[in-house]
Amino acid sequence: MNNRGKETTADAIKYKLAEAVKECMKTTSVENITVKQIVEHCGVSRQTFYRNFIDKYDLINWYFDRLFEISFNELGSGKTLREGLIRKFRYIKEERVFFGAAFKVDEQNNLKEHDFFMIFEFYCRLIREKTGRLPDKKTRKVLEMYCQSSIYMTVQWVLKGMKETEEELADLMIAAMPKMLEKEYKAMGLI
């Protein structure tokens, strides 16, 4: 992934491990990748791996978090939801091997569940920052359903060969937004 910005030595090691797991994903399913393979591929010790990550899924989720930060960090500073989504889908497309492998996993701590948590919390935080209030119970439930469906759409887009452009997928995601959320996001100037 490009545009990492300033990176610490610890971050450099984490990115090195992420690159190694991505290389392993080219030939091995995530379920069959071992920590031993990852560390041998990048030349660090198992101890270094476990100092940074709980397991390979934690590594995958950490790498996703970096993508999420890059694609959505500008929302709230004048960027629209559509622009954030397009940017996210471009990164996913650039990292298609990584996401194609990671989205196939249904085990504990998988990327789909992590993606849901990150997106749901992001949208709740964005509402709070823009309006000065926490989303009410109904908004949270509607947002939860919307986030689940948007993750499903993203996973299907990746696993079925990314036939729509990033712009088309972003437009579909926005078109699928429940009216209640659409109204709130328009009021915040995000769509």
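The values are calculated or read from the model by the stated rules, or taken from the named source; none is laboratory data. Because the structure is a prediction, the values reported are computed rather than measured. Cβ coordinates were reconstructed from backbone atoms using ideal geometry, including for glycine residues, and neighbour counts include every protein chain displayed.
Looking at (1) modelled with pLDDT under 95; (2) more than 14 Å from Ala101 (Cα to Cα), which is the only condition Ser29 fails?
Here Ser29 meets the rest and fails (2).
Do any helices (runs of 4 or more DSSP H) entirely within segment 67-149 hold 1 or more residues that are of a type in the set (Gly, Ala, Ser), and if so, which?
Counting at least 1 such residues, we get 81-94, 96-102.
Mind checking which pairs have a first residue in segment 33-61 that is more than 15 Å from Ile13 (Cα to Cα) and a second that is of a type in the set (Val, Ile, Thr) and part of a helix (DSSP H, G or I), Cβ under 7 Å, 6 or more apart or different chains?
Sorted first by the residue in segment 33-61, then by its partner, the pairs are Ile33/Val21.
How many residues are part of a loop (DSSP other than H, G, I, E, B), surrounded by fewer than 17 Cβ atoms within 10 Å (Cβ to Cβ) and of a type outside the set (D, E, K, R) if we restrict to segment 4-48?
Counting residues in segment 4-48 that are part of a loop (DSSP other than H, G, I, E, B), surrounded by fewer than 17 Cβ atoms within 10 Å (Cβ to Cβ) and of a type outside the set (D, E, K, R) gives 8.
When you scan segment 95-102, do you find a residue that is modelled with pLDDT of 85 or more and more than 13 Å from the chain's Cα centre (by Cα), even just one?
yes
Conditions tested, residue by residue: (1) touching a residue at least 24 places away in the same chain (Cβ under 8 Å); (2) out of contact with any strand residue (DSSP E or B) (no Cβ under 7 Å at 6 or more places or on another chain); (3) within 23 Å of Asn61 (Cα to Cα).
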{"residue": "Gly84", "(1), (2), (3)": "no, no, yes"}
{"residue": "Tyr91", "(1), (2), (3)": "yes, yes, yes"}
{"residue": "Val97", "(1), (2), (3)": "yes, yes, yes"}
{"residue": "Ala102", "(1), (2), (3)": "yes, yes, yes"}
{"residue": "Glu113", "(1), (2), (3)": "no, yes, yes"}
{"residue": "Ile119", "(1), (2), (3)": "yes, yes, yes"}
{"residue": "Lys130", "(1), (2), (3)": "yes, yes, no"}
{"residue": "Arg133", "(1), (2), (3)": "no, yes, no"}
{"residue": "Asp136", "(1), (2), (3)": "no, yes, no"}
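Report whether or not Thr154 is of a type in the set (Ser, Thr, Tyr), farther than 29 Å from Ile33 by Cα and either surrounded by fewer than 18 Cβ atoms within 10 Å (Cβ to Cβ) or modelled with pLDDT of 90 or more (or both).
Spelling it out, it is not the case that Thr154 is of a type in the set (Ser, Thr, Tyr), farther than 29 Å from Ile33 by Cα and either surrounded by fewer than 18 Cβ atoms within 10 Å (Cβ to Cβ) or modelled with pLDDT of 90 or more (or both).
Could you check how many residues of segment 164-181 are under 16 Å from Leu85 (Cα atoms) and outside any helix (DSSP H, G or I)?
Qualifying residue count, segment 164-181: 4.
Filter segment 53-84 down to the residues that are within 25 Å of Gln108 (Cα to Cα) and surrounded by fewer than 16 Cβ atoms within 10 Å (Cβ to Cβ), then identify the one that is modelled with the lowest pLDDT.
Ranking the candidates gives Glu69 first.
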